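The values are calculated or read from the model by the stated rules, or taken from the named source; none is laboratory data. Remember, it's a predicted structure, so these values are computed and weren't measured experimentally. Virtual Cβ from ideal backbone geometry, glycine too; neighbours counted across all protein chains shown. Accessible surface is based on the protein model in full, side chains and every heavy atom, while ligands, DNA and RNA are left aside. Shrake-Rupley method; radii C 1.70, N 1.55, O 1.52, S 1.80 Å.
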Amino acid sequence: MKVITKSQLPGQIKITEKEIPQLNKGEILIEVSHCAICGSDIHAVKHAKGYEFVREETTLGHEFSGKVIKVTDEQDQHLVNKNVYVESMHYCGKCENCLSGRTSICMNLQVIGLHYDGGMSEFVKVPRQFVKEINPALPIELAALMEPMAIAVHAVNRIDTLQPNQKVLVQGPGIIGFFTGLISAHKQADVLLSGLDSDYEHRLSKATKFGMKPLIANKEKLEGEVDVLFECSGSSAALKSGITSVKKGGKVVLVALYEEEMSLFLTELVRKEVPLLTSYGCDPVDYKEAEEILVHYQEPLKEVISLFPLLTAREAFAKSMEQDVLKAVLFNE
Ligand SMILES: [Zn+2]
Ligand SMILES: [Zn+2]
């Protein structure tokens, strides 16, 4: 079967061959239908800081959907031939954080497609507890977006007090920022999605269809008026101006992963009593809300994804790196 891995050369992928995986007890074999390219796949391919652990031979891809071909446990027999998606963050279920339901910060966390073979492939094996049936109302190509949508749900739910008409600024119109804004707008917040001039054509221009207002960051400055800032850009300049935009008593949630160290003048946050929250990944409970949002917005969301056959993954990665597409999704023909 054909699979996609990173290459020795930073920024390049490899399209190579592997055997169809053999199942161990408790594993399920999935014939992959769709697999989205995530920012972390790109970080891995670019050999970015913090992604050194991704091995060259590991098949990439953690955002995927497909059909169950084979199971090993009698209790999973009902899943054969069913369409499924996969929870990407493989938690241990035994550590103190898992036991309190906070599996995204599991002490022994492994991510499929980064720590071991994932879904940029024709077939993939997955431990049974992470395989979930797709709601029949959700098209299989959009089910590949369950994980990024669940990550956005997790980020928005870090603010348990989000009220209708509150002013929300989301910085960074990548897919997580886009979805974080969409969910906030769905909860009737007044959402500004900000990015650069160069983000307008492929990203910001799509915001209005989902009830968000696009904002060009270097043209329009906000000061002390935002209730909640979701920082999804990963840029230190954006975080600094974002902090200025937040009102007294507002909140900041950091969702992006930062590739560099930065300096911040924290007195401004202290004087405004603004808590600095962080959000990482998602918990199983977040998928439920993610599914509702994907079903609800399925028509406009079809314009957010760009489909590429698996064997054209080089083009899909290049377009993703150039930010020519909002979300590239590979599929098996
Ligand atoms: Zn992802
Ligand atoms: Zn754990």
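So that you can scan it fast, the table gives a plain yes or no per residue for (1) assigned to a strand (DSSP E or B); (2) free of Cβ contacts under 8 Å to residues at least 24 places away in the same chain; (3) within 16 Å of ligand 1 (Cβ to nearest atom):
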| residue | (1), (2), (3) |
| --- | --- |
| GLY50 | no, no, yes |
| THR59 | no, no, yes |
| SER65 | yes, no, yes |
| GLN77 | no, yes, no |
Residues that are over 20 Å from ALA36 (Cβ atoms), open to solvent by 50 Å² or more (accessible area, probe 1.4 Å) and touching a Pro at 6+ places or on another chain (Cβ under 7 Å): does the stretch 188-197 have at least one?
yes
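Anything in the stretch 252-269 that is under 29 Å from THR103 (Cα atoms) and either open to solvent by 50 Å² or more (accessible area, probe 1.4 Å) or assigned by TED's automatic domain parsing to the domain that holds ARG102 (or both)? List them, or say none.
As a first pass, look at the stretch 252-269 and keep what is under 29 Å from THR103 (Cα atoms): 252-262.
Correct list: LEU257, TYR258, GLU259, GLU260, GLU261, MET262.
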Anything in the stretch 270-328 that is outside the structural domain of GLY119 (by TED's automatic domain parsing) and free of Cβ contacts under 8 Å to residues at least 24 places away in the same chain? List them, or say none.
VAL270, ARG271
If I filter the stretch 139-160 down to residues being closer than 14 Å to LYS288 by Cα and open to solvent by 10 Å² or more (accessible area, probe 1.4 Å), which single residue comes out as farthest from ligand 1 (Cβ to nearest atom)?
ASN157
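Return yes or no: is TYR85 in contact (Cβ under 8 Å) with a residue 24 or more places away in the chain and of a type in the set (Phe, Trp, Tyr)? Steps first, answer last, please.
Details: in contact (Cβ under 8 Å) with a residue 24 or more places away in the chain: yes; of a type in the set (Phe, Trp, Tyr): yes.
Against the criterion (in contact (Cβ under 8 Å) with a residue 24 or more places away in the chain and of a type in the set (Phe, Trp, Tyr)), TYR85 qualifies.
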Members of the stretch 70-110 that are open to solvent by less than 20 Å² (accessible area, probe 1.4 Å) and within 13 Å of ligand 2 (Cβ to nearest atom):
MET89, HIS90, CYS95, CYS98, THR103, SER104, CYS106
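Residues of the stretch 31-45 being of a type in the set (Ser, Thr, Tyr) and more than 7 Å from ligand 1 (Cβ to nearest atom), which ones?
First, the residues of the stretch 31-45 that are of a type in the set (Ser, Thr, Tyr): 33, 40.
Hit for the stretch 31-45 is SER33, nothing else.
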Could you give every pair whose Cβ atoms fall below 6 Å, whose first residue belongs to the stretch 171-197 and is farther than 20 Å from LEU145 by Cα, and whose second residue is polar (S, T, N, Q) and part of a helix (DSSP H, G or I), counting only separations of at least 6 or pairs across chains?
VAL191/SER184
I'd like to check something: does the stretch 35-46 contain any residue that is under 23 Å from LYS132 (Cβ atoms) and either open to solvent by 70 Å² or more (accessible area, probe 1.4 Å) or within 16 Å of ligand 2 (Cβ to nearest atom) (or both)?
no
Within the stretch 270-291, considering residues that are hydrophobic (A, V, I, L, M, F, W, C) and under 21 Å from GLY177 (Cβ atoms), the one most open to solvent (accessible area, probe 1.4 Å)
LEU276
Among residues belonging to the stretch 228-280 that are modelled with pLDDT under 95 and in contact with a His (Cβ under 9 Å, 6 or more places away or on another chain), point out the one that is farthest from HIS62 (Cα to Cα).
GLU259
